[in-house]
Amino acid sequence: MGRLSAYNKRGVMIMPETNIKTQRKLNIHLSSDANTKTTLSTDDPLDNLDAETVSTAAESLVAKAILNDSKGNLLTTVVGADLVEITTQTLFG
(Lines give C-alpha, C1' and ligand atoms only; values in the text may rest on other atoms or scores of the structure.)
Protein backbone atom coordinates (compact mmCIF):
# COMPACT_ATOMS: atom_id res chain seq x y z
CA MET A 1 0.00 0.00 0.00
CA GLY A 2 1.39 3.43 -0.94
CA ARG A 3 1.87 6.31 1.44
CA LEU A 4 -0.91 8.91 1.42
CA SER A 5 0.06 12.47 0.57
CA ALA A 6 -1.79 15.65 1.41
CA TYR A 7 -1.58 18.92 -0.47
CA ASN A 8 -2.36 22.46 0.66
CA LYS A 9 -4.41 24.99 -1.37
CA ARG A 10 -1.37 25.92 -3.46
CA GLY A 11 -0.65 22.32 -4.40
CA VAL A 12 2.41 21.98 -2.16
CA MET A 13 2.74 18.52 -0.66
CA ILE A 14 2.47 18.50 3.14
CA MET A 15 4.78 15.94 4.71
CA PRO A 16 3.49 13.49 7.31
CA GLU A 17 4.84 13.79 10.87
CA THR A 18 7.10 10.81 10.27
CA ASN A 19 9.58 13.07 8.41
CA ILE A 20 11.57 13.85 11.54
CA LYS A 21 15.37 13.79 11.52
CA THR A 22 17.57 13.94 14.62
CA GLN A 23 21.25 14.85 14.49
CA ARG A 24 23.65 14.45 17.41
CA LYS A 25 27.05 16.04 17.90
CA LEU A 26 29.62 15.93 20.69
CA ASN A 27 31.59 19.17 21.17
CA ILE A 28 34.70 19.13 23.37
CA HIS A 29 36.01 22.59 24.29
CA LEU A 30 39.77 22.99 24.79
CA SER A 31 42.12 25.90 25.48
CA SER A 32 45.84 26.65 25.23
CA ASP A 33 48.31 28.39 27.53
CA ALA A 34 48.04 31.33 25.10
CA ASN A 35 44.35 31.56 26.10
CA THR A 36 43.06 30.49 22.68
CA LYS A 37 40.01 28.27 22.52
CA THR A 38 39.16 25.41 20.15
CA THR A 39 36.25 23.01 19.83
CA LEU A 40 36.57 19.42 18.65
CA SER A 41 33.28 18.18 17.15
CA THR A 42 32.21 14.62 16.45
CA ASP A 43 29.03 13.75 14.55
CA ASP A 44 26.89 10.81 15.69
CA PRO A 45 28.62 10.09 19.03
CA LEU A 46 27.88 6.89 20.93
CA ASP A 47 24.51 6.79 22.68
CA ASN A 48 25.90 5.78 26.07
CA LEU A 49 28.28 8.71 26.65
CA ASP A 50 28.40 10.31 30.07
CA ALA A 51 30.40 13.17 31.57
CA GLU A 52 33.04 10.92 33.14
CA THR A 53 33.71 9.01 29.91
CA VAL A 54 34.01 12.16 27.79
CA SER A 55 36.15 13.94 30.39
CA THR A 56 38.55 10.98 30.67
CA ALA A 57 38.90 10.71 26.89
CA ALA A 58 39.44 14.46 26.47
CA GLU A 59 42.02 14.58 29.28
CA SER A 60 43.81 11.64 27.65
CA LEU A 61 44.04 13.53 24.35
CA VAL A 62 45.39 16.65 26.05
CA ALA A 63 47.95 14.61 28.03
CA LYS A 64 49.40 13.24 24.76
CA ALA A 65 50.28 16.83 23.73
CA ILE A 66 49.19 16.21 20.12
CA LEU A 67 46.44 18.79 19.67
CA ASN A 68 47.11 22.34 18.47
CA ASP A 69 44.84 25.26 17.70
CA SER A 70 44.79 26.97 14.30
CA LYS A 71 47.71 29.21 15.39
CA GLY A 72 49.89 26.26 16.39
CA ASN A 73 49.44 26.68 20.15
CA LEU A 74 49.38 23.41 22.08
CA LEU A 75 45.96 22.69 23.60
CA THR A 76 46.56 22.06 27.29
CA THR A 77 43.23 22.31 29.10
CA VAL A 78 39.83 20.66 28.78
CA VAL A 79 37.27 23.42 29.35
CA GLY A 80 34.06 21.41 28.94
CA ALA A 81 31.88 19.37 26.63
CA ASP A 82 28.39 19.57 25.15
CA LEU A 83 26.20 16.87 23.68
CA VAL A 84 23.99 18.66 21.14
CA GLU A 85 20.85 17.13 19.67
CA ILE A 86 18.94 18.85 16.87
CA THR A 87 15.55 17.58 15.76
CA THR A 88 14.21 18.75 12.41
CA GLN A 89 10.67 18.08 11.22
CA THR A 90 10.03 18.72 7.54
CA LEU A 91 6.58 20.27 7.25
CA PHE A 92 6.36 20.43 3.45
CA GLY A 93 8.43 20.59 0.32
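The values are calculated or read from the model by the stated rules, or taken from the named source; none is laboratory data. Worth saying up front: this structure is predicted, and the values here are computed from it rather than measured. Cβ placement follows ideal geometry from the backbone for every residue including glycine, while neighbour counts extend to all protein chains displayed. Areas reflect the complete protein model, heavy atoms only, side chains present, ligands, DNA and RNA absent. Shrake-Rupley method; radii C 1.70, N 1.55, O 1.52, S 1.80 Å.
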*Looking at (1) modelled with pLDDT of 95 or more; (2) under 17 Å from the mean Cα position of the chain (by Cα), which is the only condition Glu52 fails?*
(2)
*Boolean, Thr22 is surrounded by fewer than 11 Cβ atoms within 10 Å (Cβ to Cβ) and modelled with pLDDT under 95*: yes
*Identify all residues within the stretch 67-76 that are of a type in the set (D, E, K, R) and either in a helix (DSSP H, G or I) or surrounded by 15 or more Cβ atoms within 10 Å (Cβ to Cβ) (or both); write none if there are none.*
Asp69
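Would you please name the residue that is farthest from Leu26 (Cα to Cα), looking only at residues in the stretch 77-93 that are open to solvent by 50 Å² or more (accessible area, probe 1.4 Å) and among the β-branched types (Val, Ile, Thr)? Outline the logic, then answer.
Within the stretch 77-93, the subset open to solvent by 50 Å² or more (accessible area, probe 1.4 Å) is 77, 79, 81-93.
Imposing the further condition that a residue be among the β-branched types (Val, Ile, Thr) reduces the set to 77, 79, 84, 86-88, 90.
Working: Thr77: 17, Val79: 14, Val84: 6, Ile86: 12, Thr87: 15, Thr88: 18, Thr90: 24 Å.
Only one residue tops the list, namely Thr90.
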*Of all residues in the stretch 30-66 being part of a loop (DSSP other than H, G, I, E, B) and over 12 Å from Thr76 (Cβ atoms), which is least open to solvent (accessible area, probe 1.4 Å)?*
Pro45
